[in-house]
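For reference, the structure discussed in these notes is given below.
The values are calculated or read from the model by the stated rules, or taken from the named source; none is laboratory data. Note that the coordinates shown come from a computational prediction; the quantities given were computed from them, not determined experimentally. Every residue, glycine as well, gets a Cβ built from its backbone with ideal geometry; the counts of neighbours run over all protein chains shown. The area values use the complete protein model at the heavy-atom level, side chains included, leaving out ligands, DNA and RNA. Shrake-Rupley method; radii C 1.70, N 1.55, O 1.52, S 1.80 Å.
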Amino acid sequence: MAVPNTGSRSSRWSLQGMTALVTGGSKGIGYEIVEELAQLGATIHTCSRNETQLNESLHQWASKGYRVTGSVCDVTSRAQREDLIARVSSEFNGKLNILVNNVGKNIPKATTLDYTEEEFSFMINTNLESAFHITQLGHPLLKASGAASIVFISSISGLVSFNGSIYGAAKGAINQLTKNLACEWAKYNIRTNCVAPGPIRTPLAELHLKDEKLLNGFISRIPLGRIGDAEEVSSMVAFLCLAAASYITGQTIYVDGGITVNGLLI
């Protein structure tokens with residue numbers, strides 16, 4: 001049975017001495033998650049498909065004194081996922097406190113009928129299967145740590161119609177996976193939660209937000225009246241990994257400026 005946190009107040013708000021794996025950490029929300037966890041004291045391993053981008057990010061983190069290592073990994077490859085966890089196990093002596101499944105990819109299409117079989121397989125593999133498998137592989141390391149936290153990065157697409165049917169189906173499955181693992185793995189003192197962002201400014205999103213009509217359409221439905229920043233997602237991820245959040249598990253938390261609860265145009 002999981003035991004409540006009894007540490008000092010300062011230790012409840014620190015990740016000092018903790019180890020973390022963040023997938024897709026070289027850009028966007030993933031980059032900010034690595035930064036947030038590192039600032040709180042965690043030692044982190046991250047991965048990216050882009051070696052040049054990864055090395056640039058590692059250099060930036062090293063210049064700030066953060067303890068971050070990285071490796072090239074395409075999480076759509078089962079063999080590379082296995083290699084990633086093997087490396088993390090070796091690097092962290094068989095123990096892992098934090099697993100953040102951040103990698104995600106969407107192929108926007110106008111309608112469901114526009115998608116090909118190959119696109120369906122790619123998106124399910126990238127957004128669902130990779131996170132599921134990495135979590136399976138990571139279980140022994142998480143269990144060995146004695147107290148662990150898994151955070152999946154989902155999307156408001158898992159709750160409402162937004163960004164296409166396949167992406168939404170995959171993210172909805174992530175939300176449900178969060179609930180099941182929270183119940184299954186609580187006995188190992190592994191908490192599992194999910195952060196579901198709404199429209200967030202990232203390098204990829206900026207390409208779409210250049211469309212003024214599309215941008216204004218988003219903003220008209222957001223009660224806070226603006227697009228979110230990646231740091232506003234990473235701070236929630238970090239909180240869920242803290243001992244201060246030790247009684248929170250099985251939750252999907254929407255970081256969306258209120259868009260999912262807004263039923264009317266503003």
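Points to keep in mind about this one:
- Considering each residue of segment 194-202 in turn, at least one proves to be open to solvent by 30 Å² or more (accessible area, probe 1.4 Å) and modelled with pLDDT under 95.
- Tally of residues being loosely packed, with under 15 Cβ neighbours inside 10 Å and touching a residue at least 12 places away in the same chain (Cβ under 8 Å) across segment 111-133: 2
- Lone unmet requirement of (1) open to solvent by less than 30 Å² (accessible area, probe 1.4 Å); (2) in contact with a strand residue (DSSP E or B) (Cβ under 9 Å, 6 or more places away or on another chain) for GLU184: (1)
- Just one of (1) touching a Leu at 6+ places or on another chain (Cβ under 7 Å); (2) part of a loop (DSSP other than H, G, I, E, B); (3) not β-branched (Val, Ile, Thr) fails for GLY138. It is (2).
- Taken over segment 211-238, the residue count meeting the criterion of being open to solvent by 60 Å² or more (accessible area, probe 1.4 Å) and without any contact (Cβ under 8 Å) to a residue 12 or more places away in the chain is 5.
- Identity of the residue in segment 55-67, in contact (Cβ under 8 Å) with a residue 12 or more places away in the chain and over 28 Å from MET123 (Cα atoms), that ends up farthest from the chain's Cα centre (by Cα): LYS64
- GLY168 passes every criterion in (1) in contact (Cβ under 8 Å) with a residue 24 or more places away in the chain; (2) within 20 Å of VAL100 (Cα to Cα); (3) part of a helix (DSSP H, G or I) apart from (1).
- Of everything in segment 63-111 that is part of a loop (DSSP other than H, G, I, E, B) and of a type in the set (S, T, N, Q), the residue that is farthest from HIS45 (Cα to Cα) is THR111.
- For segment 29-46, a residue qualifies if it is assigned to a helix (DSSP H, G or I) and under 14 Å from the mean Cα position of the chain (by Cα), and the qualifying residues are ILE29, GLY30, TYR31, GLU32, ILE33, VAL34, GLU35, GLU36, LEU37.
- Scope segment 141-165; condition touching a helix residue (DSSP H, G or I) at 6+ places or on another chain (Cβ under 8 Å) and in a helix (DSSP H, G or I); matching residues: LEU141, LEU142, LYS143, ILE156, SER157, GLY158, SER165
- VAL3 being at pLDDT 95 or above and either closer than 23 Å to SER246 by Cβ or open to solvent by 70 Å² or more (accessible area, probe 1.4 Å) (or both): no
- Residue that is farthest from VAL237 (Cα to Cα) [pool: residues in segment 74-110 that are of a type in the set (Lys, Arg) and open to solvent by 50 Å² or more (accessible area, probe 1.4 Å)]: LYS109
- Enumeration of residues in segment 147-181 that are open to solvent by 50 Å² or more (accessible area, probe 1.4 Å) and basic (Lys, Arg): LYS179
- Condition check for GLY104 on (1) among the small types (Gly, Ala, Ser); (2) under 20 Å from the mean Cα position of the chain (by Cα); (3) modelled with pLDDT of 95 or more: one failure, at (3).
- All conditions but one from (1) within 19 Å of the chain's Cα centre (by Cα); (2) more than 30 Å from SER246 (Cβ to Cβ); (3) without any contact (Cβ under 8 Å) to a residue 24 or more places away in the chain apply to THR52; the one that does not is (1).
- Some residue of segment 122-130 being within 19 Å of GLY28 (Cα to Cα) and touching a Phe, Trp or Tyr at 6+ places or on another chain (Cβ under 9 Å): yes
- Restricting SER14, SER71 to residues that are open to solvent by less than 60 Å² (accessible area, probe 1.4 Å) and closer than 26 Å to GLN136 by Cα narrows the list to SER71.
- Filter pass, SER57 being open to solvent by 60 Å² or more (accessible area, probe 1.4 Å) and hydroxyl-bearing (Ser, Thr, Tyr): no
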